[in-house]
Amino acid sequence: MGFGDASAKDKKAAAAKQKDEAAKAAAEDAAWAETDKGNLKKAARAADAAAKADAKLAAKAELKELEKADEEANNGMKGANKKAGGYGKVTQAEIARRQALMAVAAKANPKKQAKKTEVVPQPKLEANTNRME
């Protein structure tokens, strides 16, 4: 035992004092803990709502990131930069050319244009056997 060192008795006393203080602190924390069932449930509901809001916000941020990454990937593609529905002006000559091409395609493939409705023959009418007169 060197000069200024605590003796074994002092070390034991310090350890006991520290243990006693820890027990007192735990007892005080337990005294301040909420025990009312209603308040506990209210706090649990608030925590659940906060967790749900955080999850929703995280999902929204992830979706935004995915959309941004998809847009970045599509920027390199030809024709991907056009906005939906923005076809621009079409001249009368272009309309006539498209109609001519469609007419030629219709003549070449007559089977492709199917009827919208098909007529089915009416079934034979029979007398009602459930009704006896």
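Just so it is clear, none of the values below were taken in a lab; they were calculated from the coordinates. All of these numbers come straight from a predicted model, not from anything done at the bench. Virtual Cβ from ideal backbone geometry, glycine too; neighbours counted across all protein chains shown.
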- request: Report the one residue of A6, N130, T35 whose Cα lies farthest in the direction of the positive end of the charge dipole of the chain (charges on C-beta: Lys and Arg +1, Asp and Glu -1; origin at the Cα centre).
  value: N130
message: If you split all Cα-Cα distances of the range 1-40 into 5 Å bins from zero, what percentages do you get per bin, shortest first?
response: 5, 21, 12, 14, 11, 9, 8, 7, 5, 4, 2, 2
- line: For P(r) over Cα pairs in 5 Å bins from 0, in percent the list reads (1) 2, 9, 18, 21, 19, 14, 9, 6, 2, 0; (2) 2, 8, 11, 11, 9, 10, 10, 9, 8, 6, 5, 5, 3, 1, 0; (3) 2, 6, 4, 5, 5, 5, 6, 5, 6, 5, 6, 6, 6, 7, 5, 3, 3, 3, 3, 3, 3, 3, 1, 1, 0, 0; the calculated value is entry (3)
task: Please find the FRET efficiency linking E21 to K42, where r is the Cβ-Cβ separation and R0 is fixed at 41 Å, and quote it to the nearest 0.05.
output: 0.80
- prompt: Rounded to the nearest 20 Debye, what is the dipole magnitude of the chain about its Cα centre when Lys and Arg each give +1 and Asp and Glu each give -1 at the C-beta?
  reply: 1160
